[in-house]
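To start, the structure under review is shown below, and the notes come after it.
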Amino acid sequence: MTTIAELLVRSLADHGVRQMWGVVGDALNPFTDAIRREERLEWIGVRHEEAAAFAASGVSQATDDLAVCLGTVGPGAIHLLNGLYDAKKSRTPVLAICGQVPRAEMGTDFFQEVDNDVIFSDVAVYCQTITSPEQAGVAITAAVNAALQQRGVAVLTFPGDVGELDVPSGTPVPRFERQRPVAEPQPDAVREAAAAINAADKVTLLVGAGALAARDDVLRLAERVQAPMVLSLKAKAGLEHDNPFQVGQSGLIGNPATALAFAGCDTLVMLGTDFPYPEFLPEGKTVVQVDLEGAHVGRRTPVDHAVVGDAGRALQAMLPLLEDKPERKATKHLEHAREAFELWQKGQAHLADPDYDRKRVGVLRKLVDNPDARIRPELLAAAVDRHAADDAVFTTDTGMAVVWLSRFVSMSAGRRLVGSYNLGSMANALPQALGIQALDRSRQVISFSGDGGLSMLMGELLTAVAYDLPVKIVVFDNGRLGMVKLEMEQVGMPEFGTVLHNPDFARVAEAIGLRGIRVEQPGDVDAAVAEALAHDGPVLLDVLTNPDEIAVPPKPTLSQAWGFAIAKSKEFVTSPE
């Protein structure tokens with residue numbers, strides 16, 4: 001006979017799931033025991049269920065396939081929520097297996113009882129409590145297929161007395177469907193969009209992750225219309241390398257070239273992106289949007305010509321209709337944006353010089369933004385870029401760590417990037433790195449961790465040691481919630497509540513069993529990064545970085561400059577001696 005737990009575990013292993021992440025306990029015992037006996041699966045027990053869900057989200061984003069996490073009755077299931085919302089917002093398939101009190105106690109406000117179907121109703125595309133063996137096979141199939149087809153979260157809840165029940169004889173092992181229909185765009189919509197692009201003198205592209213599979217066609221489009229290409233952060237890993245048209249990112253992580261590319265165009269073409277910051281998008285332009293989801297069209301900026309469908313299919317249909325734009329206006333638009341981008345990159349490179357603060361310009365700037373001569377985060381990010389493997393996978397915490405990676409880490413063809421770029425959660429980088437590292441312990445996985453994010457789920461350092469996961473954890477240790485500090489100061493508020501009283505993270509790591517390295521001087525950064533990335537096992541690199549480093553937005557306003565000035569004066573007046 002086969003139990004419900006065995007049926008579920010075998011179906012997941014047959015599908016190709018390799019790890020299952022969670023915390024053991026009561027209602028999950030039949031499932032963890034089935035995992036123990038399934039040689040194709042590895043159980044990884046985390047210290048907090050939120051980390052299990054983040055790990056699953058990271059695995060799913062890295063593989064574009066199903067990943068699995070588990071949380072037991074009540075609090076254990078609730079702890080999964082934040083990581084599951086990350087999966088939902090990232091549109092990536094994750095199955096959450098949750099425990100429940102025994103069937104006879106359901107609805108009696110029993111110890112630890114919560115209504116999972118209600119709690120997970122917003123985060124999940126499929127949510128069901130299994131109460132009988134006859135229900136199990138169909139519900140398992142429906143849950144996983146919903147997650148795969150709708151690119152979202154499915155939640156299956158099992159009361160404590162259900163997992164060990166035998167399914168009816170002859171119940172087939174559930175099988176799941178990976179293939180999805182390709183959405184063909186409407187020909188009339190493609191023709192109208194092509195006509196609008198042909199009519200434009202100067203075109204700028206804004207390209208997102210939805211166009212990654214169409215890289216070659218995206219580059220052909222940029223060449224045909226001589227368009228600078230602004231990349232979303234999620235498109236950076238697939239489209240940055242070997243791309244003579246790209247000018248980096250926009251938004252708070254952006255640069256002046258993206259603002260110039262937006263302002264200088266008369267037509268903006270958005271490809272596979274739901275870029276969420278309308279204040280950075282240009283106004284008064286003709287806008288063409290190509291997106292798989294019609295619901296995304298026009299919700300960030302007004303759209304004149306919409307093409308709903310797969311970006312690759314849309315471009316294949318559109319390219320033969322487009323005219324070359326060798327005219328001087330078009331080429332000059334591209335040249336201006338690229339020149340601005342390259343000039344900005346050269347200026348940023350100076351900040352990555354360990355001797356910058358001792359040179360003439362640096363000495364003056366140091367008086368304003370680095371009086372304690374801390375390590376500039378640009379120096380650290382650039383050193384990681386130099387020493388990281390060509391096929392390294394990077395994860396980033398939300399906040400300033402994203403800024404430094406965006407600006408200083410180049411994405412070669414083999415590198416990957418994963419983060420909480422839609423939910424924007426703290427503490428995601430380390431558990432996502434653990435999840436991806438478990439897929440391949442020989443591949444280099446680097447977590448760009450903020451000190452706030454790391455300390456929020458610092459218990460997962462123990463997971464890295466316990467399961468021999470050789471992640472490289474780079475900590476931007478500025479003693480601050482840095483992005484919040486920046487947000488306060490740009491509107492004229494003094495920073496408040498952002499200071500973090502951190503331990504020596506390297507010593508904490510050593511006490512846990514990781515290799516710990518602490519860096520306090522700019523001249524020591526390069527050697528320390530090389531040592532950390534060459535280490536065989538898990539390593540934490542704790543680098544004391546400048547808390548006052550300012551990431552200037554692409555087009556800083558007078559009000560932002562005035563806000564910084566007011567904030568700094570208030571901080572000076574109120575700061576302790």
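Assorted remarks:
- In Hz, Karplus ³J(HN,Hα) per residue of the range 298-315 (6.51, -1.76, 1.60; θ = phi - 60°; x = Gly, Pro): x, 8, 10, 7, x, 10, 8, 9, 9, 10, 9, x, 4, 4, x, 5, 5, 5
- Relative contact order (%) - criterion: Cα under 8 Å, at least six apart; region: the chain: 13
- Dimensions (Å) - the range 352-574, Cα atoms, principal axes, largest first: 49, 36, 36
- 12 Å beta-carbon shell around Trp404, net charge (K/R +1, D/E -1): -2
- For the range 352-574, DSSP calls about 5 percent of its internal beta bridges antiparallel.
- Think of the range 187-340 as a dipole: +1 on every Lys or Arg Cβ, -1 on every Asp or Glu Cβ, centred on the Cα centre; then among Ser232, Ala337, Gly312, Ala337 lies furthest on the positive end.
- Global geometry of the range 4-159, whether rounded, prolate or oblate, following the gyration tensor of its Cα atoms and the 1.5 cut on a/c: rounded
- Residue by residue, the range 226-239 carries 3J(HN,Hα) couplings of 6, 10, x, 10, 8, 9, 5, 4, 6, 8, 4, 5, x, 10 Hz when phi is fed to the Karplus relation 6.51 cos²θ - 1.76 cosθ + 1.60 (θ = phi - 60°); x denotes Gly or Pro.
- Here the residues Ser60, Ser121, Ser420, ranked from fewest to most Cβ neighbours within 10 Å of their Cβ, fall in the order Ser121, Ser60, Ser420.
- Dipole magnitude for the range 352-574: computed about the Cα centre from +1 point charges on Lys and Arg Cβ and -1 point charges on Asp and Glu Cβ, it is near 500 debye.
- Simple Cβ-charge dipole of the range 217-297, Lys/Arg +1 and Asp/Glu -1, about Cα centre, in debye nearest 20: 140
- Relative to the dominant Cα principal axis of the chain, helix 328-351 is inclined by about 80°.
- Violating pairs (Cα-Cα greater than 24 angstrom) within the set Lys285/Lys329; Lys285/Lys485; Lys346/Lys366: Lys285/Lys485
- Separation of alpha-carbon centers, the range 435-454 and the range 465-524, rounded to whole Å: 15
- Ordering Thr273, Thr3, Thr286 from the fewest to the most neighbouring beta carbons within 10 Å gives Thr286, Thr3, Thr273.
- Computed about the Cα centre, the dipole magnitude for the chain is approximately 1440 debye when only Lys and Arg (+1) and Asp and Glu (-1) carry charge, each at its Cβ.
- Given in Å, the Rg to one decimal and the Dmax to the nearest whole number for the Cα atoms of the range 187-340 are 13.5, 37.
- Compared with the dominant Cα axis of the chain, that is its longest principal axis, helix 81-90 is turned about 60°.
- Here's how it looks for Val307: its modeled amide H is under 5 Å from those of Gln289, Val290, Asp291, which are all 5 or more places away or on a different chain.
- Values of log10 I(q)/I(0) for the range 1-66 across q = 0.20, 0.22 Å⁻¹ run -0.82, -0.97, by the Debye formula with one identical scatterer at each alpha carbon and no solvent.
- Burial ranking of peptide ranges 290-301, 372-383 (average Cβ count within 10 Å, highest at the top): 372-383, 290-301
- Distant-in-sequence amide contacts of Thr157, defined by a placed amide H-H separation under 5 Å and a gap of 5 or more residues or a different chain, comprise Cys98, Gln128, Thr129, Ile130.
- Positive-end extreme of charge dipole, the range 341-413 - chosen from Ala413, Asn370, Leu351 (charges on Cβ): Asn370
- Gln19 long-range amide H proximity, modeled H, under 5 Å: Glu42
- Positive-end extreme of charge dipole, the range 352-574 - chosen from Gly435, Val465, Ala389 (charges on Cβ): Ala389
- Using θ = phi - 60° and Karplus 6.51 cos²θ - 1.76 cosθ + 1.60, couplings along the range 43-58 (whole Hz; Gly, Pro as x): 8, 10, x, 8, 8, 8, 4, 4, 5, 4, 5, 5, 4, 5, 4, x
- On full extension, the segment bounded by Asp161 and Glu293 gains 43.4 nm, given 0.36 nm per residue less the C-alpha separation.
- Seen against the Cα atoms of the chain and their longest principal axis, helix 525-534 is set at about 30 degrees.
- With a simple spin-label model that places each label point 7 Å from the Cα along the Cα-to-Cβ direction, the separation between Glu184 and Glu342 comes to 4.4 nm.
- Note on the range 1-67 and the range 241-296: Cα centroid distance 39 Å, given to the nearest whole angstrom.
- Gyration tensor verdict on the range 81-184 (Cα atoms; rounded if a/c is under 1.5, prolate if a/b is larger than b/c, oblate otherwise): oblate
- Global form of the chain, assessed from the alpha-carbon gyration tensor, a/c cut-off 1.5: oblate
- Antiparallel beta bridges, as assigned by DSSP with both residues in the chain, represent about 5 percent of the total such bridges.
- MRE, 222 nm, helices only [DSSP H, n ≥ 4, -39500 (n - 2.57), over the chain, to nearest 500]: -12000 deg cm²/dmol
Only the coordinates and a few stated rules stand behind these numbers; no lab work does. Given the structure is predicted, the values throughout are model-derived calculations rather than measurements. In this analysis, Cβ positions are derived from the backbone assuming ideal geometry, glycine residues included, and neighbour counts consider all displayed protein chains.
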